[in-house]
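What follows is a set of notes on a single structure, which appears directly below.
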């Protein structure tokens, strides 16, 4: 487990992992991010950018923040795109900057180009909709 948050910053360890050729056994987490750091820097996108800067293959880096944590924690409906899984996806502009262009939750469009989709918020589909103040 490589942690890249507000306190724990262990992403530099990726160089050893890359040199040993074993990224399939590693997950990258951002579980200790302070709210002000999330607003200023983001969460997983910052970790992905740093991983790629350290030499990690972008596809391996994405697996490390999606598939690997869901497998480790037994979250069978998350972490990938396949029948029976929750259709939560983020479509990014490129595999170096990872800027979110489109965000889908349960297969529904919730944001595009940094703007929340008002229709989704009004639908009341999610009890927590509109309660997130900073992300």
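The values are calculated or read from the model by the stated rules, or taken from the named source; none is laboratory data. Keep in mind it's a predicted model, so treat the numbers as computed, not measured. Counting neighbours? That spans all protein chains shown, and the Cβs are built from the backbone with ideal geometry, glycine included.
Taking segment 9-32 as the range and being surrounded by 13 or more Cβ atoms within 10 Å (Cβ to Cβ) and out of contact with any strand residue (DSSP E or B) (no Cβ under 9 Å at 6 or more places or on another chain) as the test, the residues that pass are 18, 23. Where helices (runs of 4 or more DSSP H) fall wholly inside segment 1-87, the ranges with 3 or more residues that are outside the structural domain of residue 99 (by TED's automatic domain parsing) and at pLDDT 85 or above are 35-41, 44-53, 58-65, 67-72.
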